[in-house]
Amino acid sequence: MNMSTIDKSRRKALAQLGGSAAALTLISLGIRTASASEKLTIGAVYVGSRDDYGYNQSHAEAVAEMKKLPYIRVVEEERVPETIAVQKSMQAMIEQDDAKLIFATSFGYFDPYVLKLGAQYPKIRFAHCGGLWTPKDPKNTGSFFGYIDECEYLSGVVAAHVSKSKKLGFIAAKPIPQVLRNINSFTLGAQSVDPSFTTHVIFTGDWSMPVKEAESANSLIDQGCDVITCHVDSPKVIIETAEKRGVYCTGYHVDQSSLAPKGYLTGAEWVWATPYKMLVDAAYEGKPMLNFLRGGLKEGFVKMSPYGKAVPEKAKETADAIKAKMLGGSYVIFKGPLKDNNGKTVIPEGVSLGQRDVALEGMNYLVAGVVGQI
């Protein structure tokens, strides 16, 4: 919503109120007085399918919640690659659909595409998921993300209670900081139950590679991993493969329990509707752009999937106790002394990195106990 429209709405409200003190108060406080018929158009761009049982679906579910808001109009486009194509898609939403806020949901959309358009369209807001916004970037751009590694840690705790081999499998797309943080958190969660646990990692190379994901799942199971998890766009094939092979699994992005009724233990889920609503309301009300927005379990940005039938009571009790501390803000996942899987100290003794520590957003290592290389 541009300022001229807001000013017109305010003038209209002032006329209706006959120039009363109440109207002057409205203007002085900057309270928005748009008519009920006036809507803010937001755009959402997805790298994959909106019904992928995974990352893109988690965003589409949040957008669906935004559609329920009477003052919001939505335009969406799915299967947009992390290339110049996304720049063209976002530009079309601005030029053709009059979008004033764009949700760019995939990691590779940020640099250079969001940053370039942010500079080109200073009055349009761009909210990117997962990027690391810095003050040198356009002020009308920003990043939002959730501390889902808290849920991954809890998933690791649960996995350790059911695993017999003490070998866990993790299928990951790319070794970017968010993925490494999840692998490490999952591993540390398992090791909090038993330090001898290992996590065997396979990187597929891209966000959606169903054939390679199935092959990787089978390979890890053949190596003796009896709990499988992942960080790819759509866990569907991996979850189904684990169930077919008779091993346990934990999910990611959304609840995949329907795909593995026997082996699904729990999972790490996004609640994107929380940051979406904050960003949408800020835009609609003419408030400053939220450039760096983060939250975890405590803030309602993420949640755990319900426990599956195979989860023992001891696992539930242990995980729930840790979750309570996380909700209270007293549980630290990354603290020293901590070494990577090459023997190098990455967090010295006596040092604790809280969830909001920006150093964690640049994570470039795998912790000791992870079998695999970046």
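The values are calculated or read from the model by the stated rules, or taken from the named source; none is laboratory data. Keep in mind that what you see is a predicted model, and the values were worked out from it rather than measured. With ideal geometry, Cβ positions are generated from the backbone for all residues, glycine too; neighbour counts draw on all protein chains shown. Keep in mind that these areas ignore ligands, DNA and RNA; they rest on the heavy atoms of the full protein, side chains included. Shrake-Rupley method; radii C 1.70, N 1.55, O 1.52, S 1.80 Å.
Looking at the chain as a GNM with Cα springs under 10 Å, which of ALA104, ALA172, ALA85 has the largest mean-square fluctuation?
Largest GNM mean-square fluctuation: ALA85.
Just to confirm my numbers, what's the Cα centroid distance between the range 325-374 and the range 220-296 in Å?
Their Cα centres are 21 Å away from one another.
Rounded to a whole number, what is D in µm²/s for the range 150-224 from Stokes-Einstein with the Kirkwood radius over alpha-carbon pairs (20 °C, 1.002 mPa s)?
Using the Kirkwood radius from Cα pairs, D works out to 171 µm²/s.
Using a 1.4 Å probe over the heavy atoms of the protein chains, calculate the carbon and sulfur portion of the accessible area of the chain as a whole percent.
Of all accessible area on the chain, carbon and sulfur atoms account for 54 percent.
How many nm separate the modelled label positions at LYS116 and VAL211, each set 7 Å beyond the Cα in the direction of the Cβ?
About 3.1 nm, to one decimal.
Quick one: compute the contact order of the range 177-305, relative version, from alpha carbon pairs under 8 angstrom and 6+ residues apart, as a percent.
RCO, the range 177-305: 15 percent.
Per residue, how much accessible area does the chain show when a 1.4 Å probe rolls over the protein heavy atoms, in square angstrom?
42
If you place +1 on the Cβ of every Lys and Arg, -1 on the Cβ of every Asp and Glu, and leave all else neutral, what size is the dipole of the chain about its Cα centre, to the nearest 20 Debye?
Approximately 880 debye in magnitude.
Apply the Kirkwood formula to the chain: the hydrodynamic radius equals the inverse of the mean of 1/r over all pairs of different alpha-carbon atoms; give it in Å with one decimal.
For the chain, inverting the mean 1/r across all distinct Cα pairs yields 21.8 Å.
When Lys and Arg each count +1 and Asp and Glu each count -1, what net charge do the other residues less than 12 Å away from ASP222, Cβ to Cβ, add up to?
Cβ neighbours under 12 Å give a net charge of 0.
Which whole DSSP H helices in the chain pass both tests: a Cα extent of 15 Å or more along the axis and a mean Kyte-Doolittle value no lower than 0.0?
149-162, 273-284
Just subtract the alpha-carbon distance of LYS344 and GLU38 from 0.36 nm times their residue separation and send over the number in nm, one decimal.
104.4 nm
Step through the table entries LYS39/LYS67; LYS164/LYS303; LYS174/LYS344, compare each Cα-Cα distance with 18 Å, and write down the pairs that go over it.
LYS164/LYS303; LYS174/LYS344
When only Cα pairs under 8 Å and 6 or more residues apart are kept, what is the percent relative contact order across the chain?
About 16 percent, as a whole number.
Considering only DSSP beta bridges with both partners in the chain, what is the antiparallel share in %, to the nearest 5?
15
In vacuum, with every alpha carbon of the range 107-175 counted as one equal point scatterer, what does the Debye formula give for log10 I(q)/I(0) at q = 0.16 Å⁻¹? Two decimals, please.
Treating every Cα as an identical point scatterer, log10 I(q)/I(0) equals -0.67.
Relative to the present Cα-Cα distance, how much length would full extension add between LYS164 and LYS277 at 0.36 nm per residue of separation?
Between LYS164 and LYS277, full extension yields 36.4 nm more.
Using modelled amide H (1.01 Å from N, peptide plane; none on Pro or chain starts), what sits under 5 Å from the amide H of VAL302, excluding residues fewer than 5 places away?
Under 5 Å from the amide H of VAL302: VAL271, LEU297.
Could you check which residue among MET289, MET90, MET278 shows the biggest mean-square fluctuation in a GNM of the chain with a 10 Å Cα cutoff?
MET278
Starting from the amide H of LEU168, placed 1.01 Å from N in the peptide plane, find each other amide H under 5 Å away whose residue is 5 or more places distant or on another chain.
Hits under the 5 Å cutoff: THR198, THR199, HIS200.
Just to be sure I understand: if I project the alpha-carbon convex hull of the range 273-374 onto a plane and average over all orientations, what area do I get in nm²?
9.5
Here is the link list: LYS236/LYS323; LYS298/LYS339; LYS88/LYS287; LYS212/LYS236. Which ones come out longer than 21 Å on Cα distance?
Too far apart for the 21 Å limit: LYS236/LYS323; LYS298/LYS339; LYS88/LYS287.
Ratio of Rg to Rh for the range 82-222, alpha carbon only, Kirkwood?
My calculation of the ratio gives 1.11.
How much length would be gained if the chain were fully extended between ILE84 and ALA324, taking 0.36 nm per residue of separation minus their Cα-Cα distance, in nm to one decimal?
Fully extending the segment from ILE84 to ALA324 adds 82.0 nm.
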